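Participant: Once you've had a glance at the structure underneath, I'll fire off some questions.
The values are calculated or read from the model by the stated rules, or taken from the named source; none is laboratory data. These numbers come from a predicted model, not from an experiment. Backbone-built Cβ (ideal geometry, glycine too); neighbour counts: all protein chains shown.
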Amino acid sequence: MQTQVLGLSVDSEPCLLAWAESLDGITYPLLSDFFPHGEIAQTYGVLRSEGHSERAIFVIDKQGIIRYAQVYDIDKQPDNEELLRVLAEVDPQAAATAPSIDASLEAEPAADVVMYCTPWCPACKRARNYLDELGVEFVEINIARNHAAAEQVRQWADGNATTPTFNVKGKIIVQFDKRSINEALGLPDHF
């Protein structure tokens, strides 16, 4: 499909650069709506009175017409399948030749600790560091790229795509909770 993904934030360029680097790079351009502060976000109706913008997705066709607009709770990840459906409606001919996405859930890796995460989640970074400090081997599943895993996390987390979420020896732990992780691993509390 002939589409262009753009990230837009009311943060400054240095802040966006640091964020992109923290993700080990991203594959789409980031635009700063910093000065005049939030002008684009305000134009699209997603600038909060305190100066932050909502998490929102807009699909705009080649004629500049907004074909889709959705505001998301900050904890909720946008549904890629829904976006692909909208894009297919905007350009059905291109959608017919686009590769399909397999949303089936693969078997969870055989590991004592499986962490469902996203690359940009600060709590996920802290959890990685903590598990590394403990010398605990773990497997990561990126729910931003694995739709079925994201759905599994939503089932565990009351409908939210909460990261990190852990499966520690069969015990599900939603959010980074050192005590719960230590308990599930049979380790003493030490932090």
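Participant: If I go through the range 162-171 residue by residue, how many of them are exposed (fewer than 14 other Cβ atoms within 10 Å of the Cβ) and among the aliphatic types (A, V, I, L, M)?
Facilitator: The number of residues fulfilling the criteria is 0.
Participant: Of all residues in the range 10-42, which are farther than 21 Å from C121 by Cβ and of a type in the set (F, W, Y)?
Facilitator: F34, F35, listed by residue number.
Participant: Return the residues of the range 1-16 that are of a type in the set (A, V, I, L, M, F, W, C) and not in a helix (DSSP H, G or I); say none if nothing qualifies.
Facilitator: M1, V5, L6, L8, V10, listed by residue number.
Participant: Restricting attention to the range 17-57, and to residues there that are outside any loop (DSSP other than H, G, I, E, B) and among the hydroxyl-bearing types (S, T, Y), which single residue is farthest from T118 (Cα to Cα)?
Facilitator: T43
Participant: Out of the residues in the range 58-113 meeting the condition of being among the polar types (S, T, N, Q) and either more than 19 Å from the chain's Cα centre (by Cα) or surrounded by 12 or more Cβ atoms within 10 Å (Cβ to Cβ) (or both), tell me which one is modelled with the lowest pLDDT.
Facilitator: Result: S100.
Participant: Any idea which of (1) surrounded by 11 or more Cβ atoms within 10 Å (Cβ to Cβ); (2) at pLDDT 75 or above is the one G51 doesn't satisfy?
Facilitator: For G51, the failing item is (1).
Participant: Quickly run through the range 144-161 and pick out the residues that are surrounded by 20 or more Cβ atoms within 10 Å (Cβ to Cβ) and touching a Lys or Arg at 6+ places or on another chain (Cβ under 9 Å).
Facilitator: Across the range 144-161, the qualifying residue is only A161.
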